[in-house]
Amino acid sequence: MAILEIRDSHGNVQTRRLSRDEPLSIGSHPANDIRVKDVPALHSRISWCEDGYEVASASSGDIVVSGRTTRHAFLHDGDVLHVGS
């Protein structure tokens, strides 16, 4: 079972279980699973792909995974996804 730990700018922590069946959406729109105010309506998605989870930009912007700027990355234990300010 894969778990995503979410830390906001105030230090609050939440956890979400990642599902192989349903992608996790991140963005400013209220319909997203994780809402972040200062990013596009749909910023990125985390989904299952063959052997593991991946994160992909869903807008024209880049994402930052463990300090690397990219548009797509496979996720590994301990990776940090930075979203918004």
*Which residue fluctuates the most in the chain, going by a Gaussian network model with Cα springs under 10 Å, if the choices are V13, V64, V39?*
V13
*Modelled label-to-label distance, D79 and D8, 7 Å Cα→beta-carbon offset: nm?*
2.5
*May I ask you to derive the relative contact order of the range 19-85, considering only C-alpha pairs under 8 Å and at least 6 residues apart, and to give it as an integer percent?*
24
*How many percent of the accessible area of the chain is carbon or sulfur, using a 1.4 Å probe?*
46
*Which whole-number value in Å³ per residue fits the convex hull of the alpha carbons of the chain?*
98
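If R0 is 22 Å, what FRET efficiency do you get for D21 and A56 from their C-beta distance, rounded to 0.05?
Values: r = 17 Å, r/R0 = 0.78.
Efficiency for this residue pair is about 0.80.
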_Can you find, among Y53, N12, V64, the residue sitting farthest towards the positive end of the charge dipole of the chain, where Lys and Arg contribute +1 and Asp and Glu -1 at Cβ?_
N12
*Can you tell me the dipole magnitude for the chain around its Cα centre, using point charges on the Cβ only (Lys, Arg +1; Asp, Glu -1), in Debye to the nearest 20?*
260
*Write down the accessible area per residue of the chain in Å², having rolled a 1.4 Å probe over the full set of protein chains.*
70
_Estimated inter-spin distance, H72 and H29, nm [label 7 Å along Cα→Cβ]_ = 2.1
_Restricting the range 1-75 to trypsin sites (Lys or Arg not before Pro) in coil, as DSSP defines it, with at most 15 other Cβ within 10 Å_ = R20, K37, R71
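The values are calculated or read from the model by the stated rules, or taken from the named source; none is laboratory data. Predicted model, so just to flag it, every value in this text is computed and none were measured. Neighbour counts are summed over all protein chains in view; Cβ atoms, including those assigned to glycine, are modelled from backbone coordinates with ideal geometry. In case anyone asks, the SASA skips ligands and DNA or RNA and just uses the protein heavy atoms, side chains included. Shrake-Rupley method; radii C 1.70, N 1.55, O 1.52, S 1.80 Å.
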